[in-house]
Every structure is written in C-alpha cells, then in structure tokens.
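This report refers to the structure that appears directly beneath it.
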Amino acid sequence: MYQNEDSYKKGLNVELAHQQIKGFFEAEFKNRINGVLNTKIKNSTLNRVNKKNYTPEQQKLHDQFEAEATEDAKKQGDIVLNVDQDFMSISKSNKSGSDWKKTFTVRITNRLANDLNNVLKQADKDTPNTPTWLNSAASKAKDDDRAYKLLKTLIPGENYLSC
C-alpha cells in the first residue's frame, strides 16, 4: 500500500486503510472463486448435497474443486481499480453494463466510499475542503464522485490499483 506521509502525520491509521482497500479486492476475488466453484458443484455429484453432510470423499472432491476454482480465478487476470472520476462515478457505475460492473461484481462504489470515509474522517477533519463527512446528512456524503475524491485523498497521484 502506498504510504501517505501527510495523512499518517495527521493520525491516519495506515494499516486500517490498507486493510480496507485489500478487503475490497479480496471480496471481488472471492466472488470470482465462488462463481467458478458453484458452477463446478452444480455440474457434479455434489449438487444438492449440503456441505455439512459431505462424506470424506465428497469433501475431498469439494476441496479439489475449490483449488481449481482459485486457479481459474487467478487466470482471469488482475483485478484493476481504475482511479478515474468517470469510472468511479456512483450514478454511472450503478448502471448495468458499466465499466465498474464489468470489473466489480460484488462491491459498489457507495460501499467503497463509506469504508474510505470511515478511515479518513478523523485524520482529515481539520483539512480545509476535505472530501470526508461526519454524518450521512452532509452534502459531501451524497456527492456522485465521493469514492474518487476519497481515494485520491488517500493515495494522491495513483491512477490504478490492482490485486
């Protein structure tokens, strides 16, 4: 994770910021794995069998499918977050067929904005023109590009994040 020294000096918990962004990517990767895994299970003898009731052989088959699904998800390529105002626009990203929805299937920009705001709002509270908000009634909490602004505050100069 990029270390933002200015924010760190203001009290930003860099580890928490790193965990938030890492968790965002991990959720998407796990969703890709589960998509492949569910297809494999549906087309096998494990279909309609509760995971709690697996025999040792069925558990072994499930573990094999899970390993294969993980490899298949890795082959799909890196998960890239384009730090672009248009790409991260909340109104545009929520439309089906948007570039955001083509890349991220499990998380939405609102969630990313809220997570980043929770990390940044205490460290950035005395900064003039900060994109953070203290309560959901604030006008900044409704900005269409709030996820973009918060990410650029956290990691200025970066145009892409990938996992």
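Readers should treat all values here as calculations from the given coordinates under stated rules, not as data from a laboratory. Keep in mind that this is a model prediction, so the values were computed, not measured. Every residue, glycine among them, receives a Cβ derived from its backbone with ideal geometry; neighbour counts consider all protein chains shown.
Points to keep in mind about this one:
- When peptides 114-127, 93-106 are ranked by their average number of other Cβ atoms within 10 Å per residue, the highest-first order is 114-127, 93-106.
- Available extension along the chain between Gln85 and Asn50 is 8.2 nm, counting 0.36 nm per residue and deducting the alpha carbon span.
- Folded to 0 to 90 degrees: helix 14-42 orientation relative to the chain principal axis, Cα: 30
- Gain upon complete extension [Lys142, Glu57; 0.36 nm per residue less C-alpha separation]: 25.4 nm
- The aspartates and glutamates within cross-link reach of Lys52, meaning a Cα-to-Cα straight distance under 14 Å and a gap of 8 or more places when in the same chain, are Asp63.
- Measure of compaction for region 12-162 (Cα Rg per 2.2 N^0.38 Å): 1.29
- Separation of the alpha carbons by more than 20 angstrom is noted, of Lys30/Lys75; Lys22/Lys152; Lys74/Lys152, for Lys74/Lys152.
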